[in-house]
Amino acid sequence: MTSGYFEDFEVGDSRKAGPYLVSKAEIIQFAKQYDPRPFHIDEEAAARSVFGGLSASAAHTFAIFIFLTNKYQPPIRSLAGLGYDELRLPNAVRPGDELELEAIVSEKRESKSRPDTGILRSQIYLRNQRHETVLQCFGTVFVARRPDAKAST
């Protein structure tokens with residue numbers, strides 16, 4: 001098993017996490033606190049919405065994604081997130097969905113300013129049990145380098 005250091009990853013490598021079961025109660029509870037729109041908290045209103053039923057908010061979907069990044073297999077020694085680009089939510093998250101996360105390394109480079117870190121950019125997919133993508137983006141993170149690694153010059 002990989003130790004999760006920068007040197008352990010190559011372009012094309014995949015990390016996965018999940019499944020994560022999304023309940024109706026969780027969708028409603030999260031929405032009541034952070035995004036109290038009718039189609040997130042009221043089943044009747046949700047049935048009349050463009051979603052045609054109860055759906056998790058975008059913030060909730062993103063929060064699940066962040067939660068799952070801490071459970072990647074193989075693990076990653078991420079030190080800090082640098083950002084997310086091209087975030088898309090092509091399908092709604094519904095009660096009973098089982099979500100799985102996959103991140104595929106698309107770029108890898110040593111940090112010029114911090115020789116003890118590297119930078120990984122990954123294409124990220126959060127998918128439901130039907131393999132429908134519910135969140136996709138590119139994520140960029142600082143990753144710890146192996147303590148004995150020497151920066152290339």
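Read the figures in this text as sums done on the coordinates, not as results from a lab. Values in this document were obtained by computation on a predicted structure and should not be read as measured data. Virtual Cβ from ideal backbone geometry, glycine too; neighbours counted across all protein chains shown.
Under the definition of Cα pairs under 8 Å and six or more residues apart, what whole-number percent is the relative contact order of the chain?
Working: 330 pairs, mean separation 45.2, N = 153.
Worked out over the chain, it gives 30 percent.
Based on Cβ point charges of +1 for Lys and Arg and -1 for Asp and Glu, what charge dipole magnitude is obtained for the stretch 52-150 about its Cα centre, in debye rounded to the nearest 20?
Details: 14 positive and 11 negative charges, 82 e Å.
Using only the charged Cβ atoms, the result is roughly 400 debye.
Which is the longest stretch in the chain that no exposed loop site breaks, taking sites as GluC sites (Glu not before Pro) with a DSSP loop state and at most 15 other Cβ atoms within 10 Å? Walk me through the numbers before you get to the answer.
Working: sites that count: GLU10, GLU132.
Within the chain, the longest run free of exposed GluC sites (Glu not before Pro) spans 11-131.
Modelling each spin label as a point 7 Å along the Cα-to-Cβ direction, I'd like the ALA59/ASP42 distance in nm, to one decimal.
1.9
Once the Cα atoms of helix 58-69 and of the chain are each reduced to a long axis, what angle between those two axes, in degrees from 0 to 90 to the nearest 10, is obtained?
Tilt relative to the chain: about 40 degrees.
For the stretch 95-151, which trypsin sites (Lys or Arg not before Pro) pass both filters: DSSP loop (anything but H, G, I, E, B) and at most 12 other C-beta atoms within 10 Å?
Values: sites: LYS108, ARG109, LYS112, ARG121, ARG127, ARG130, ARG145, LYS150; in loops: LYS112, ARG130, ARG145, LYS150.
Those that pass, being in a loop and sparsely packed, are LYS112, ARG130, LYS150.
Residues of the stretch 91-125 with amide nitrogen under 18 Å from the 7 Å Cα-to-Cβ point of ALA25?
94-98
Report the far tail of the P(r) of the chain, meaning the percent of Cα-Cα pairs longer than 23 Å.
Values: 4929 of 11628 pairs.
Percent of Cα pairs beyond 23 Å in the chain: 42.
Given labels modelled 7 Å from the Cα in the Cβ direction, how far is it in nm from ARG146 to GLU107?
2.5
How about the stretch 33-97: which trypsin sites (Lys or Arg not before Pro) there lie in a loop by DSSP and see at most 16 other Cβ atoms within 10 Å? Walk me through the numbers on the way to the answer.
Values: sites: ARG48, LYS71, ARG77, ARG88; in loops: LYS71, ARG77.
Qualifying residues, ordered by number: LYS71.
What nm value, rounded to one decimal, do you get for the distance between PHE67 and PHE51 when each label is placed 7 Å out toward the C-beta?
1.6
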